[in-house]
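See structure below.
The values are calculated or read from the model by the stated rules, or taken from the named source; none is laboratory data. Computed from a prediction, not measured in an experiment: that's the story for all the values here. Neighbour counts are summed over all protein chains in view; Cβ atoms, including those assigned to glycine, are modelled from backbone coordinates with ideal geometry. The accessibility values were calculated without ligands, DNA or RNA, using every heavy atom of the protein model including side chains. Shrake-Rupley method; radii C 1.70, N 1.55, O 1.52, S 1.80 Å.
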Amino acid sequence: SLSKTKKKGKEHKESIVNAIREAAEDYNSIYVFSFENMRNLKFKEFREKLKPTSRFFLGSNKVMQVALGRSVSDEIRPGLYKVSKVDYGSFFNYYFIVFRRQSRPACEVFDSTGSLLRGDAGLFLTNMPRDEVESCFNKFEENDFARTGTIATEKVELLEGPLDQFTHEMEPFLRKQGMPVRLNKGVVELVSDFVVCEEGKPLSPESARILRLLGIKMATFRLNLICRWSPEDFELYKEGLDESDVECA
């Protein structure tokens, strides 16, 4: 029934809150990170690699904010509220530095309180030394085929003439993708120049399929550190921002 569904949803959120709070007591430092072009399999491999010393949380940002505490009065460890509640104005510049290159509007990055746990973000709790964490995250990068809606990183144009990389059986499929092709003596031929995608514009489903066929990877799965909390201090990972930007609600 509807009432049972609501109850189950509430219980699930409470279990996540409790899990985060328990983990926060077990680990020496907590990081907020953002991610671009998430690839579940690669993230699972990264998570398993760090499992002996760390734990990841992804999901509802509001639930994670509640778990950590949004103010001094309800934070679970001293200074931890800074992860959940940050002055919006102080981070307007941060948006331009980190997220503008992802073509994401500010409303997707910060909520009305300016929380760092917003949009495509997660928690990383660990006992690893700071330099090892930074090294792992900075080195992690996985190239993959772009999906529909991804912003093209370059212009791809195919010139008129034979397309030797495609077999004659693929000609009908290519035509369905909008490519002006025909068979000429069993060879797939482009009858005019064709622009697959334009730099800076989102990929259509057809463009994404063609790029995959061409073997062109435009998506890079990255993890970006946003801030670090420890019992000793709180750090933001962008030049020009400091702890004084963080204000109590």
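Worth a mention:
- Any chance Glu108 is surrounded by fewer than 18 Cβ atoms within 10 Å (Cβ to Cβ), on the phi < 0 side of the Ramachandran plot, under 14 Å from the mean Cα position of the chain (by Cα) and at pLDDT below 50: yes
- Subset of region 114-173 (residues that are part of a loop (DSSP other than H, G, I, E, B), assigned by the TED database to the domain that holds Glu36 and free of Cβ contacts under 8 Å to residues at least 40 places away in the same chain): Gly114, Pro129
- Residue in region 51-70 that is in contact with a Leu (Cβ under 6 Å, 6 or more places away or on another chain), outside any helix (DSSP H, G or I) and open to solvent by 60 Å² or more (accessible area, probe 1.4 Å) present: yes
- Options Val195, Val188, Val246: the member that is modelled with pLDDT under 95 and of a type in the set (A, V, I, L, M, F, W, C): Val246
- Complete set of residues in region 211-235 that are part of a helix (DSSP H, G or I) and buried (at least 21 other Cβ atoms within 10 Å of the Cβ): Leu211
- Within region 177-207, if we keep just the residues that are basic (Lys, Arg) and in a loop (DSSP other than H, G, I, E, B), the residue that is surrounded by the fewest Cβ atoms within 10 Å (Cβ to Cβ) turns out to be Lys185.
- Selection of region 174-209 for residues being in contact (Cβ under 8 Å) with a residue 40 or more places away in the chain and on the phi < 0 side of the Ramachandran plot yields Val195, Val196, Cys197, Glu198, Glu199, Lys201, Pro202, Leu203, Ser204, Pro205, Ser207, Ala208.
- The set of residues in region 51-73 being more than 15 Å from Leu125 (Cβ to Cβ) and either in contact (Cβ under 8 Å) with a residue 60 or more places away in the chain or among the hydroxyl-bearing types (Ser, Thr, Tyr) (or both) consists of Ser60, Asn61, Arg70, Ser71, Val72, Ser73.
- Tabulated pairs, region 33-46, first within 18 Å of Leu116 (Cβ to Cβ), second surrounded by fewer than 17 Cβ atoms within 10 Å (Cβ to Cβ) and among the aromatic types (Phe, Trp, Tyr), C-beta under 7 angstrom, 6+ apart or interchain: none
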